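The values are calculated or read from the model by the stated rules, or taken from the named source; none is laboratory data. In this text the structure is predicted, and so the values were computed from the model without any measurement. Backbone-built Cβ (ideal geometry, glycine too); neighbour counts: all protein chains shown. Ligands, DNA and RNA are excluded from the accessible area calculation, which covers all protein heavy atoms including side chains. Shrake-Rupley method; radii C 1.70, N 1.55, O 1.52, S 1.80 Å.
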Amino acid sequence: MNNKIPPPLVTLFFGCCIYFSKNFFLAINIQALSLLSYVLFLLGFGILIMAARSFKEHNTTINPIKIETASSLVVSGIFNYSRNPMYLGMVLILLGLSLKFNLIGGLIFTALFIIFITNFQIKPEEKVMLKIFGEEFVNYKDKVRRWL
């Protein structure tokens, strides 16, 4: 794979963009949004942890930069609902930050994160997974959506 930027760093970058651009967008402060932000943030971390545990249980790499070292295709647990639960968790974390600090700008930056991670991380990963796991990956891909 050509991408050498770890997705957690990409998430951190977009999270910083959300937070530090808050003065450029209309402030929307609704108490319910603040509460929902914590829920999304915690849900995102929970999904990340569940996905990481699944990788560990299957003794395969969690490192998306070295996806070619994957030893098994994880299709159980949280992977029954999303082919990319770790990236889904990152999106939920960004949405949580958006609701807390910068609703309008956050939604824009979260959408840009989704576009970036899909094109520069997920699609290249899928090509590698197809080479490694062939028909098994095709069957999985046909059953489970990319995001949700």
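Determine whether Ile28 is touching an Asp or Glu at 6+ places or on another chain (Cβ under 7 Å) and either assigned to a helix (DSSP H, G or I) or over 18 Å from Val128 (Cβ atoms) (or both).
No: the conditions fail for Ile28.
Which residue pairs have Cβ atoms under 7 Å apart, sit 6 or more places apart or on different chains, and have a first residue in segment 30-57 that is more than 28 Å from Ile104 (Cα to Cα) and a second that is surrounded by fewer than 17 Cβ atoms within 10 Å (Cβ to Cβ) and of a type in the set (Gly, Ala, Ser)?
Short answer, once both residue conditions are applied: Met50/Gly77; Ser54/Ser76; Ser54/Gly77.
Do we have any residue at all in segment 4-15 that's assigned to a loop (DSSP other than H, G, I, E, B) and open to solvent by less than 80 Å² (accessible area, probe 1.4 Å)?
Scanning segment 4-15, I find at least one residue that is assigned to a loop (DSSP other than H, G, I, E, B) and open to solvent by less than 80 Å² (accessible area, probe 1.4 Å), so the answer is yes.
Return yes when Phe41 is in a helix (DSSP H, G or I) and closer than 30 Å to Gly134 by Cβ and no when it is not.
no
From the list Ile93, Ile114, Ile104, pick out the single residue that is closer than 30 Å to Gly134 by Cα and in a helix (DSSP H, G or I).
After applying the criteria, what remains is Ile114.
Tell me which of these Tyr87 doesn't satisfy, since it passes every other one: (1) touching a His at 6+ places or on another chain (Cβ under 8 Å); (2) of a type in the set (Ser, Thr, Tyr); (3) assigned to a helix (DSSP H, G or I).
Condition (1) is where Tyr87 drops out.
Do we find a residue being at pLDDT below 95, in a helix (DSSP H, G or I) and under 23 Å from Lys123 (Cβ atoms) anywhere in segment 69-83?
Yes, there is a match, as at least one residue in segment 69-83 is at pLDDT below 95, in a helix (DSSP H, G or I) and under 23 Å from Lys123 (Cβ atoms).
State which residue is modelled with the lowest pLDDT when the search covers only segment 58-68 and only residues that are over 30 Å from Gly106 (Cα atoms) and in a loop (DSSP other than H, G, I, E, B).
Here the residue is Thr61.
Within segment 98-148, can you find the residues that are under 23 Å from Gly77 (Cβ atoms) and among the β-branched types (Val, Ile, Thr)?
Ile114, Ile117, Thr118, Ile122, Val128, Ile132, Val138, Val144
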